[in-house]
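A quick write-up on the structure given underneath.
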Amino acid sequence: MIGALLGLAVIATAAPKLRLSTLAVGPVYIATGQQGTMQSIPATNVGDGNLNLAVTSNVDWLAPCIEDEGQLLVNLMLPTSKLPRGVYTGVATVTDPNAIDAPQSITVTIVVGSGSTIPDQLDFYLPPGGSGIAIFYAGCPSTVITNPSGGLQISVATSVGLNGTFGVGVPCADKDSRVMVTTTPDTVLGDYVGSVAFSGSLLAVDNHTVPVNIHVTTNPVASAVPASVFFRMAQADPKMTQTVSLYGNNLDVSSANANVPWLSATFFPKSPYVNTSTVQSITIVADASKLAPGNYPANVTITSNGANGPTIIPVVLTVLPPGPPVTYYQGVVENALYKANDPVARGGIVALFGERLTAGNVTFAPSLPLSSTLGGASVFVNDVPAPVYFASPGQLNFVVPYGTPPGPALVRVDRDGQRGNLVSFQVVATAPRLLRLDGANDALAVLGDLRTFVVPAHPAKAGVDTVVFYAVGLGQTSPPALDGQAAQGLQQVSSVQAVIGFPIQPAYAGLTPGSVGLYQINVSLPANVPKGSGVPVYLTMPGEVTSNTVYIAIQ
């Protein structure tokens, strides 16, 4: 048995391991009607053997290829001469079926216009008495300002360099130019036009006049996050959903529409109980069931009372051909904060992101103990089956086996007899993460009755209440927990302290009875703990291990 395990370890470490010098390129500034300058990304093998790379793109204006003459490069050619002015984003996917941490995706952003980092025009949406700023890097140009009528002021400053120093002695390439616009409280609502003429730059494309359009308005200004949406899904996958948040004080969305039949968009009306809303959510749904493999561009148009509307969200759908499951590089993250490259604990609940992970709908584990196969997908950590909580085409949630040794580990997903790729992640004995309420930094915590959430409307009482915090990643317990099996009785973790202004020894810290991978920390609040609607709380464990910080209300 030991020999077999050693053999598996040798096989795993004998594979090549892909590293790219960057996973993001741009923005690249390109003059209208011109081809963009080729961008080259060095690729390195940090494992054994040899890399055998291939690369594809999801947009027509991005033409990648592999160069292997002396240095291994991913070359990104930019055939952009037919693109109109605008900002574009594409993705190049680098693959090697035999390499660890492949595939990897490179996001490429281009700006088609003058070819300069100085914009073709600037647009400001400001209230009376407001101000705005635009920042860009340029080759130390001189400027001539033409202010609009109505008392509006435009100013330009060369400010902090990239190296953090000011003014004299900073190379031009390290300085930024800042165009600032200020309105007076009595500025009349309406549109105004000024300009800034740039000349004498070390870069010839910088030397042009930039119209400055100033829209003085009391309407909200809409800002979309994210500004573009990408889907990657197989034809057999169920519909896939992504959410765009539209920000703006007193913003009111009236419609959201897609321009192709395979895409739909809906919005959630504001609550009638909220007078001033700063964000509205737009749900975008892609349906690949009637599409052949390939790339499909589209747009979603969001209409609102925003002064800068309508808001256009570019969408690209990549329909994948049939194939094995793929785990994304850096796609194995702990299930509390979802931070790439953070280590995960033995016994920790982990989210794994990828594509073609299952061939069906979303599936939840029907009962305990957890199986290592769910929805046709099986997860292996260092070739050891791992218990699976949740399965979908794009995400699996599993539990890291308690026997996984600390250090680098490899995860793989097999689906319906097809073997997936290997992706590396880091395992540690403990990596405590306090759970948050609704994704904010408020603690997921209840009072001792296990029913009342601790929120500002229902604060905990110092010197009276016991608060139960929930967490993941606290590691092995005593008596030991078994992989995938529900916690029986009190399975405790030693040497955990909750810091609420000062260290407090919990009454209990360990697995939540009846759960897998979920821990609870029961803290009786002393009378002298800090008070307030957002009191910080974090955990400490031996070895200077510290959790994230969450906040609770205490009175």
Exercise. Yes or no: Asn249 under 25 Å from the mean Cα position of the chain (by Cα), over 30 Å from Ala391 (Cα atoms) and not in a strand (DSSP E or B)?
Worked result: yes
Exercise. List the pairs whose first member sits in segment 11-38 and is polar (S, T, N, Q), whose second member is modelled with pLDDT under 90, and whose Cβ atoms are under 7 Å apart, counting only residues at least 6 apart or on separate chains?
Worked result: Thr32/Arg85; Thr32/Gly113; Gln34/Gly115
For this session: Considering each residue of segment 339-381, count those that are in contact with a strand residue (DSSP E or B) (Cβ under 7 Å, 6 or more places away or on another chain) and farther than 22 Å from Pro238 by Cβ, and give that number.
Result: 16
For this session: Need at least 2 residues that are farther than 26 Å from Phe398 by Cβ and hydrophobic (A, V, I, L, M, F, W, C) per element, so show me which strands (runs of 3 or more DSSP E) inside segment 515-555 make the cut, counting only ones lying wholly within it.
Result: 532-541, 550-554
Exercise. Out of segment 55-72, which residues are in contact (Cβ under 8 Å) with a residue 24 or more places away in the chain and open to solvent by less than 50 Å² (accessible area, probe 1.4 Å)?
Worked result: Val55, Ser57, Asn58, Val59, Trp61, Leu62, Pro64, Leu72
Seminar exercise, completed: Counted residues in segment 183-206 being at pLDDT 90 or above and under 26 Å from Ser114 (Cα atoms) come to 7
For this session: Look at Val446 and say whether it is in contact with a Ser or Thr (Cβ under 7 Å, 6 or more places away or on another chain) and part of a strand (DSSP E or B).
Result: yes
For this session: State yes or no: is Phe353 closer than 24 Å to Arg433 by Cα, open to solvent by less than 40 Å² (accessible area, probe 1.4 Å), of a type in the set (Phe, Trp, Tyr) and part of a strand (DSSP E or B)?
Result: no
For this session: Tell me which of these Thr89 doesn't satisfy, since it passes every other one: (1) modelled with pLDDT under 95; (2) closer than 30 Å to Val332 by Cβ; (3) over 20 Å from the mean Cα position of the chain (by Cα).
Result: (3)
Problem set entry | Residues that are under 15 Å from Ile552 (Cβ atoms), open to solvent by 30 Å² or more (accessible area, probe 1.4 Å) and assigned to a strand (DSSP E or B), drawn from segment 449-489 | Phe453, Val455, His458, Thr466, Tyr470
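The values are calculated or read from the model by the stated rules, or taken from the named source; none is laboratory data. What you see is a predicted model, and the numbers here were worked out from it, not measured in a lab. FYI the Cβ positions are ideal-geometry reconstructions off the backbone, even for glycines, and counts take in every protein chain you see. The protein model used for the area step is the full one, side chains on, heavy atoms only, and it has no ligands, DNA or RNA in it. Shrake-Rupley method; radii C 1.70, N 1.55, O 1.52, S 1.80 Å.
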